[in-house]
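Note sheet for the following structure.
The values are calculated or read from the model by the stated rules, or taken from the named source; none is laboratory data. What you see is a predicted model; the values in this text were computed from it and never measured. Neighbour counts are summed over all protein chains in view; Cβ atoms, including those assigned to glycine, are modelled from backbone coordinates with ideal geometry. Just so you know, the surface numbers come from the protein's heavy atoms only, side chains and all, with ligands and any DNA or RNA stripped out. Shrake-Rupley method; radii C 1.70, N 1.55, O 1.52, S 1.80 Å.
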Amino acid sequence: MSNASSIRCLITAGPTREFIDPVRFLSNPSTGKMGFALAEAAVAAGWTVDLVAGPVALPEPDDVILYPVVTAEEMFHHVDALFDACDVLIMTAAVSDFRPVEQHARKEKKDDAALTIELERTTDILKTMTERKAHQTVVGFAAETNDVEVYARRKLEEKRCDWMVANKVGEVGAGFASDTNAVTLIAADGSSLKIGPTSKAEIAKQIIQLVTPSAS
Ligand code: CTP
């Protein structure tokens, strides 16, 4: 990597939605703030940024190429198409792990609807990408309510990432929806660095600096 402008970064952000019928879906509280902050920090570092974002209510960052998606499957198809050309993949998105086996074309009437929904797993986008990883630096996010670092280290290994950002969620002032966050950035060699509590913009700036591929 000779200079910053030659670095192409692929970032995913926000939640995905998995529809039960046209008016009901499974999702999570992700707002996309961390992913969008990373996109802005990467642009500020001079990188070219592809941003694949689930449904969020945030203004489009300047100078990124934005790919809006709704479902995990749509997010997978975009990441799959863009991965080979990127130098850095940062998977901030809170991808739904499950989707209903059946998606009804019409709104289910409550008196007739079944009270249980059969689910199937969505594709693990991150794991699928690292299976064919070549030169890319890959950064995952581990959203955990408890035993944050233990699970994050496990995910780092299982998903074969270069870095894993351990992120405690489910508390006020950190994780989903907050403007601030506190994370631990864990490297593949086991070393780690705590960042924050501080703004997501500052955390994003530091993450981009730390995961910058070294010149070769
Ligand atoms: N991820 C992904 N595809 C999925 C689920 C997760 O690419 N179907 C990515 C996320 O973007 C994140 C990392 O995997 O970078 C970890 O996501 P997380 O939700 O913390 O973990 P899961 O793999 O879903 O495992 P669990 O729900 O058991 O904690």
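For the reader, a short list of remarks on this structure follows.
- Using C-alpha pairs below 8 Å separated by at least 6 residues, the relative contact order for the chain is 21 percent.
- Carbon + sulfur, % of accessible area of region 65-216 - ligands and nucleic acids excluded, 1.4 Å: 50
- Given Lys33/Lys107; Lys133/Lys200; Lys133/Lys194; Lys133/Lys155, the pairs whose alpha carbons are separated by over 21 Å: Lys33/Lys107; Lys133/Lys200; Lys133/Lys194
- Using the rule -39500 (n - 2.57) for each DSSP H run of four or more residues, divided by the residues of the chain, the 222 nm mean residue ellipticity is -7000 deg cm²/dmol.
- Length gained when the stretch Gln103-Ser214 is fully extended (0.36 nm per residue, less Cα-Cα span): 35.4 nm
- As a rough guide to protection, the peptides 66-73, 145-152, 93-100 ranked by mean Cβ packing within 10 Å, highest first, stand as 93-100, 66-73, 145-152.
- Taking Phe25, Phe176, Phe83 in turn, the Gaussian network model of the chain (Cα-Cα springs below 10 Å) assigns the largest fluctuation to Phe25.
- Highest average packing first - 206-212, 86-92, 112-118, Cβ atoms within 10 Å: 86-92, 206-212, 112-118
- Region 129-187: relative contact order as a whole-number percent, Cα under 8 Å and 6+ apart: 30
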